[in-house]
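The values are calculated or read from the model by the stated rules, or taken from the named source; none is laboratory data. Everything numeric here is computed off the predicted structure, so don't read it as measured data. Neighbour counts run over all protein chains shown; Cβ positions are idealised from the backbone, glycine included.
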Amino acid sequence: MNTLIETIFLIAITFSIIYTLTAVAFFMAEKLRHKLPSKAISDYPPVSVFKPLKGLDNNLEENLRSFFNLDYPQYELIFGVKDYDDPAIAIVRNLQREYPQVSTKLVVDSFGVGTNPKVNNLYNMYPHAQYEYFIISDSNVRVKPDYITKIIENFTSPLVGLVTSTIRGTGAAHFGAALENLHLNTYIAASVFIVTRLFKVPVTIGKSMMIRRDTMDSLGGFAAFANYLLEDGILGREVKRLGLEVRTSVEQIENINSTWSVRNFISRHLRWAIMRRHFNLANYAAEILSNPIALSLIYCLWRLDNVSLNIFLAAIAIKLLADLLTVIFMGDKLIWRYFYLVPAKDILMAVIWIIPFFKSTVNWRGNIFRVLKDTAIIPVKPAYYTISPSFIISGFKRKFTPVFYNR
């Protein structure tokens, strides 16, 4: 029996190391073969950028300002909030006054088409978009002036249905933020491409997605995703079911994390883990095979000898090398000082991986949900939204929505 267990451990650890190095190789290959767009910037179509907001994220004003400074011939920014007392409104209004030349709309609407607060926000913004290409971008994202150009260049074929972006965590000032940025800039950055290319599983990251209006409409619009927590993952899956391709742009956008605590880090990744576990159990169960440090630690604790200790130390060294190569290609300089946290981070992620097999509730911006199959959600506490009686009685008849324009 012990021989069988040891064989399983050694196979799993070997596979995990090979997977880790292969993921980095895929990521490096994508970066190296990336080409600049062949079109002139004036040839690109106009774009509507959706920015759902709630409260004040780290450096929210500078995050939003980066979208006012985009170098793109024609685009509009559509901001959405639920409540008039949301502090994000003042920031948007100030930026509207500062950049009168940028076409913007601020939509304040508490209408709810489902249980997902973000999708409710997007649903309310959707009628105010005038262009055929949409970008959905989270509030804690900061971009470079060529952001739209870099993401839309991936629509080189009508068979491309959705494009998402590579995420780079920046701005770490606390341990929790450092853990978050380490994970984003190493494991997630490398894994996206191997999962997409090798295993043919679409990876859609909701922090930055571009999709055509006709594709979105053919899926039923935002309302079709309003009762699911992993709306970005389901959107990518449904786009693929249409026979369209889901691509990941190697051009990075910045995910700003500065004052996050370790508790914030655990809470976010536990929520993400619960979503992935209920979205695809087989894929989620296999994730532990991508964590060589955790697997070799378990093996070391089981054997308690020099051989297993050396394997554990070798796994740490290989993982640090893989992460080092990924960070170099990500171009992140500030993360070097936190590299000693990699082993602890990977072990913590393994502990988090276990919990969703026994837990199905999540806390998302003050809303408590129970997560079901496909990440369908049921509110456990009063939700972010309210469905108005007029919606139920008249069948999608909308009330007046205040919109603040800046043209």
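What to note about this one:
- SER110 out of contact with any Ser or Thr (no Cβ under 9 Å at 6 or more places or on another chain) and over 25 Å from LEU244 (Cβ atoms): no
- Residues that are surrounded by fewer than 16 Cβ atoms within 10 Å (Cβ to Cβ) and in contact with a helix residue (DSSP H, G or I) (Cβ under 7 Å, 6 or more places away or on another chain) within the range 264-282 are absent altogether.
- In the range 71-91, the residues that are free of Cβ contacts under 8 Å to residues at least 40 places away in the same chain and assigned to a helix (DSSP H, G or I): ILE89, ALA90, ILE91
- Pairs are defined by a Cβ separation below 6 Å, a sequence spacing of at least 6 or placement on different chains, a first member in the range 8-25 that is surrounded by 14 or more Cβ atoms within 10 Å (Cβ to Cβ), and a second member that is of a type outside the set (Val, Ile, Thr) and at pLDDT below 90; the pairs so defined are ALA23/ALA190; ALA23/SER191; VAL24/ALA190; VAL24/LEU325.
- Residue count, the range 260-296 (criterion: among the β-branched types (Val, Ile, Thr) and part of a loop (DSSP other than H, G, I, E, B)): 0
- Selected residue [under 25 Å from TYR19 (Cβ atoms) and buried (at least 24 other Cβ atoms within 10 Å of the Cβ)] from ALA190, ALA177: ALA190
- Taking the criterion of being more than 25 Å from the chain's Cα centre (by Cα), surrounded by fewer than 20 Cβ atoms within 10 Å (Cβ to Cβ) and closer than 19 Å to VAL141 by Cα, the residues of the range 68-95 that qualify are ALA90, ARG93, ASN94.
- Residue list for the range 171-185, restricted to those being within 21 Å of ASP232 (Cβ to Cβ) and not hydrophobic (A, V, I, L, M, F, W, C): GLU180, ASN181, HIS183, ASN185
Condition check ((1) closer than 30 Å to ASN59 by Cβ; (2) hydrophobic (A, V, I, L, M, F, W, C); (3) touching a His at 6+ places or on another chain (Cβ under 8 Å)) across all residues:
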residue	(1), (2), (3)
ILE266	yes, yes, no
ARG271	yes, no, no
ASN283	no, no, no
LEU295	no, yes, no
LEU313	no, yes, no
LEU324	yes, yes, no
GLY331	yes, no, no
